[in-house]
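Participant: Once you've had a glance at the structure underneath, I'll fire off some questions.
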Amino acid sequence: MPTVLANVNDLLEKRVLEETGEYASTGGRKAKSIGINKSYCHAMGILITANHIEMVLVNLGDEIIKKDRIRLKFTAELSYCTEVAQKVKTFLEGEAAKDTLLGIGVAIPGIIDQKERIVLKSHALGIENYSLRFLEQALEISVYFENDANAAMLAEKKQKYPNAIYLSLNHTLGGAFCIDGKLFRGQNQKAGEFGHMILVPGGRKCYCGKSGCADAYCAASVLTQDNRQSLDAFMEKIESGNEKILQTWNEYLDHLAVLISNLRMAYDMDIILGGDVGGVLSDYMIPLGEKVMAYNGFEHDVSYLKNCSYKKEASAVGAAKYFFTKHMVEL
């Protein structure tokens, strides 16, 4: 007990912890409740896509205190980095939190060499061997770069999901998984590329050049007709009973169920459904679960299927949260 009290007092003195109230009296002096001081420090997260940047400001309680999405077309020119830095500066203007900002996490759809600060390949951005050094310099603060699906996995609580798969159902299909609370990256930083597992041999053409990839059947682009309509518009048509849309949705769930069943058999972990489609699946877990069960005769329920914690901002939040983990270790 003396050691615990000494540590608590030390963290109170550093303002990492704070008194949050009092418990009801049990006859003696009321006990004080102590919790994390959410405003102790902050971190910023950015998600870069082909046509937008999404920015979030997160406190130590994992709460988003400010967010913005700006249309900004990606280019490999140095001027793009300067423009991103200017958008960040504008985003942080007038924010008291910028005085306690630990750093900026940047999530990118691609394979990243973190040590060399290089995007080895990104189909979404149309780049190979792209240096991130200039963007790092332009932001003028500590920067962390991460693959967007890996970042989305980092957004989830490690205590809740120490061993889990994150299925990122965005415009393209990505994924990540962690073991014992740590991201597993593979030998060549390519672990979790579930979108390019063959789901239907000889099936639909995938953007990677192969046929039958999971991406061609389970990415959000299947529902949005490659962004010719919004996902919200598609879901509204389901609710209105549009028969053609309902058929597309049921076929989508069928293919997703096969992918989920394969991943569960391979890894035997919780599977978190994230990304744009993951954000709307919470209302369709029963029909999806029934389809998964039809393909998996080894289990009697699908309690391992989980809904993501952040529907839209997962990658940006996860990239930001890296700095909280790093700072707590340094404390």
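The values are calculated or read from the model by the stated rules, or taken from the named source; none is laboratory data. Just so we're clear, the structure is a prediction, and the values are computed from it rather than from any experiment. Quick reminder, even Gly has a Cβ in these numbers, built from the backbone with ideal geometry, and neighbours come from all protein chains shown. Quick note on the areas: whole protein, heavy atoms, side chains included, nothing else; ligands and nucleic acids left out. Shrake-Rupley method; radii C 1.70, N 1.55, O 1.52, S 1.80 Å.
Participant: Mean separation of Cα pairs under 8 Å and 6+ residues apart, divided by the residue count of the chain: what relative contact order is that in percent?
Facilitator: 18 percent
Participant: Straight-line reach from LYS157: which aspartates and glutamates have a Cα under 16 Å away, not including same-chain ones fewer than 8 places off?
Facilitator: Qualifying aspartates and glutamates at Cα under 16 Å: ASP62, GLU63, ASP180, ASP270, GLU313.
Participant: For the stretch 1-82, give the percent of accessible area contributed by carbon and sulfur heavy atoms, probe 1.4 Å, rounded to a whole number.
Facilitator: Solvent-exposed carbon and sulfur of the stretch 1-82 make up 53 percent of the total.
Participant: Write down the accessible area per residue of the stretch 291-331 in Å², having rolled a 1.4 Å probe over the full set of protein chains.
Facilitator: Here the per-residue accessible area is 54 Å².
Participant: Here's a follow-up. Just to compare against my own numbers: the Cα pair-distance distribution for the chain, 10 Å bins, whole % per bin, please.
Facilitator: P(r) for the chain, in whole percents per bin: 5, 24, 30, 23, 13, 5, 1, 0.
Participant: How big is the accessible area of HIS171 in square angstrom, nearest 10, if you roll a 1.4 angstrom probe over the protein chains?
Facilitator: 70 Å²
Participant: May I ask for the net charge around ASN307, where only other residues with Cβ less than 14 Å from the Cβ of ASN307 are counted and Lys, Arg are +1 while Asp, Glu are -1?
Facilitator: Charge balance in the 14 Å sphere: +1.
Participant: Hey, another quick one. Full-extension gain between GLU22 and VAL200, please, as 0.36 nm times their residue separation minus the C-alpha to C-alpha distance.
Facilitator: Using 0.36 nm per residue and subtracting the Cα-Cα distance, I get 58.2 nm.
Participant: Using per-residue counts of other Cβ atoms within 10 Å, averaged over each peptide, order 316-328, 249-261, 177-189 from highest down.
Facilitator: Final packing ranking: 316-328, 249-261, 177-189.
Participant: Which whole number in µm²/s is D for the stretch 91-211 by Stokes-Einstein, with the Kirkwood Rh taken over Cα pairs at 25 °C and 0.890 mPa s?
Facilitator: Value of D from the Cα-based Kirkwood radius: 152 µm²/s.
Participant: Something else: Using the heavy atoms of the protein chains alone and a 1.4 angstrom probe, what is the accessible area of the stretch 75-194 per residue in square angstrom?
Facilitator: Accessible area per residue, the stretch 75-194: 48 Å².
Participant: How much accessible surface area, in Å² rounded to 10, belongs to the heavy atoms of ILE286 with a 1.4 Å probe?
Facilitator: Approximately 130 Å² for this residue.
Participant: Roughly how tilted is helix 314-330, in degrees to the nearest 10 and between 0 and 90, from the longest Cα axis of the chain?
Facilitator: 40 degrees
Participant: In a shell of Cβ-Cβ distance under 10 Å around LEU173, excluding LEU173 itself, what net charge do Lys and Arg (+1) and Asp and Glu (-1) give?
Facilitator: -2
Participant: Near LYS291, which aspartates and glutamates are there with a Cα under 14 Å away, not counting those fewer than 8 places off in the same chain?
Facilitator: GLU251, ASP254, GLU299, ASP301
Participant: Still on this structure, please answer the following. Whenever you get a sec, compute what percent of the accessible area on the stretch 138-249 sits on carbon and sulfur atoms (1.4 Å probe).
Facilitator: Roughly 47 percent, rounded to a whole number.
Participant: Once the stretch 54-160 is represented by equal point scatterers at the alpha-carbon sites, with solvent omitted, what log10 I(q)/I(0) does the Debye formula produce at q = 0.10, 0.18 Å⁻¹?
Facilitator: -0.30, -1.00
Participant: Follow-up question, since we're still on this one. Just the number please: accessible area per residue for the stretch 3-73, 1.4 Å probe, all protein chains included, in Å².
Facilitator: Ligands and nucleic acids excluded, the figure is 60 Å² per residue.
Participant: Given N residues in the stretch 183-331, what is Rg(Cα) / (2.2 N^0.38 Å)?
Facilitator: Cα Rg divided by the expected 2.2 N^0.38 Å: 1.15.
Participant: On to the next question. For the stretch 266-331, with all protein chains present and a 1.4 Å probe, just round the carbon and sulfur fraction of the accessible area to a whole percent.
Facilitator: Ligands and nucleic acids excluded, carbon and sulfur give 53 percent.
Participant: If I ignore ligands, DNA and RNA and count only protein heavy atoms, how much of LYS73 is accessible to a 1.4 Å probe, in Å² to the nearest 10?
Facilitator: 140 Å²
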